[in-house]
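What follows is calculated from the coordinates using simple rules that are stated; it is not laboratory data. Since we're looking at a predicted model, the values are computed, not measured. In this analysis, Cβ positions are derived from the backbone assuming ideal geometry, glycine residues included, and neighbour counts consider all displayed protein chains.
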Amino acid sequence: MRKRKINSKKPMFKKRRSASRTFFNAVLIILLLAALAFLGYSVGKPIVEFLGDRGGRSPKPPVSDNDVTDGEKVSESTPKISETAPATEAPEPEPPQPEKKGILFVSMPAATPYDGWLDEWIDYAVGGDYYGLALELVADGGSIGYPTENTLAVGAGAISPNALTDLSAAAKKISDAGLLPYARISLLSDHIASWFDKSVCYLFENSTSTWLDDSVSNGGKPWISAFSENARAYISSLVTEISKAGFAGIIAGEIEFPPFRNSDLTYIGEKVKSADRYLALAEFSNAVQDALGSAKSYAVEIDAQDIISGRAELVKALSTLNAQTVYVRYDSAAIGLRIEKQDDTAASYEGLSEADKMTVIVRSVREILGDGKTVQIAVTGEKAMGKAEELGFDAEGIMIYQ
C-alpha cells in the first residue's frame, strides 16, 4: 500500500480571529447599512410623493409676474399674464324712470286752507308721476287764490279767505317736488272787481249803470269787459305777480263774452253788436300774454262744445292771437250726446262708446281749428289720458281736471 503524503507546513484547522477584529467588522457593517438606509429614504421619498400626488393634487393657477421675486425668472413654458389693467365690471344700468305725464289741475279750495290742500295734491302728483301742477289762482267768477298786492283786488275783497299764504313759496314747493308749476286763470268771468269798479265792467251805453247778466232778484252779476283798458291792466297786474313768483306758464280760460240777450246788445251799444267784436278777445289775451313775458309759456283754453257749436268767438281771432297753444277742454258729461250748432244743425253722438265719442269730437275740433296753432287737450278724469295719447296729444302737456 502506498502511503499518502502529508504537507506538514499547512495547519490542520483555520486560525481563530481576535475579539477586537470581530467587533470592528460588526460596527462597520452597521454603519454601512445605516448609510444605505438613509440614502434610500432620501431618494425614494420624493419619488413616492410624486407618484402619490399625481392622482389627487389640485392644479395651481399660472404664476403671474407680480408673484416672482427679484432674481427669479418665469419659465418660458409658463404663459405670461398680460400687463394691461384688469377689466372692471360694467356698472349696472339705472332702472328705467317712469314717464311723467300730464299737468294736474288743482282747484281753489272753498272750505280748507290752500296751503294744506296744495301739499296733498303735490304728494298725489309725485306718486302718480305727473309732469306738473296747474294751480287755480284766478277762479271763474273772479276769486283770487293768493295774497295779491293789487289795490283793486284788495279793495273789492277778491282774495279768497283760504288763499295761499305765499305765492312764491307755493311755486318753489312745487318745483322742489320735481314738478313744473303752472297757473290757471279766468280772464273775463270776473263778478267781484266788476262790482267794485265800474271802469272794468260792461255799462249801459251813455250811462253809468252797470249791466248785469240777469235781474238783481235772480242773482244777476256784472262781467269784466273785454273792451276795458282798466280791465286789461287789472288782469295783467295779477299775471305779472304770478310770473314773478316763479310759475313756468299760464293757461287762460273764459276768454269770452257774457251770454248777451238781444236786448242787452241794444242797451250796451255798438261795440258788442259789431261783427268783428271777437278781435277784442284776442287783444285782451295778447295784453295779458305781454305781461307774463316771453320767457314763460302761455296758452288759451276753449271748451270743445263751444268750438263745435260755433259759440267760441275766439276761434275767429286765431290769426291775430299771439298764443301758439290752444287747449281744448273735453268734458264728456258736459258735452252730452248732442251739440246744437248756431246754424241750426246738430252733432249727435248717440250710440258711440266713450272712446269713439272722444275720437269724433277731437277730429271735428282739429278740422275747425286748422293747422295754425298747436292743439292740446284738457280732459276730465285720469281715465281719458290714455285715449288722449292715442289721439296724438303730447303726454306731458295734457291737462287733467278732476
Ordering of 115-122, 296-303 by packing [mean C-beta count within 10 Å, highest first]: 296-303, 115-122
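With viscosity set to 1.306 mPa s at 10 °C, what whole-number translational diffusion coefficient in µm²/s follows for the stretch 213-326 from Stokes-Einstein and a Kirkwood radius over Cα pairs?
Rounded to a whole number, D works out at 104 µm²/s.
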What order do you get for 307-315, 106-114 when each peptide is scored by the mean count of other beta carbon atoms within 10 Å, highest first? 307-315, 106-114
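Grab the beta carbon distance between Lys271 and Thr165, set R0 = 51 Å, and tell me the FRET efficiency rounded to 0.05. Don't skip to the end; give the middle numbers.
Numbers: r = 41 Å, r/R0 = 0.80.
Computed FRET efficiency for Lys271 and Thr165 comes out at 0.80.
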For the stretch 108-180, the Rg and Dmax computed from alpha carbons only, in angstrom: 12.8, 40
Computed E for Phe204/Thr240 - FRET, C-beta separation, R0 30 angstrom, nearest 0.05: 0.40
If Lys and Arg each add +1 and Asp and Glu each add -1, what is the summed charge of the other residues whose beta carbon sits under 11 Å from the beta carbon of Asp166? +1
Projected label distance in nm at Ser364 and Asn262, using a 7 Å step from Cα toward the beta-carbon: 2.6
Per-residue HN-Hα couplings for the stretch 281-290, Karplus 6.51 cos²θ - 1.76 cosθ + 1.60 at θ = phi - 60°, whole Hz, x for Gly and Pro? 5, 5, 5, 5, 4, 5, 5, 5, 5, 4
Lys and Arg at +1, Asp and Glu at -1: neighbours of Ala287 with Cβ under 13 Å from its Cβ sum to -2
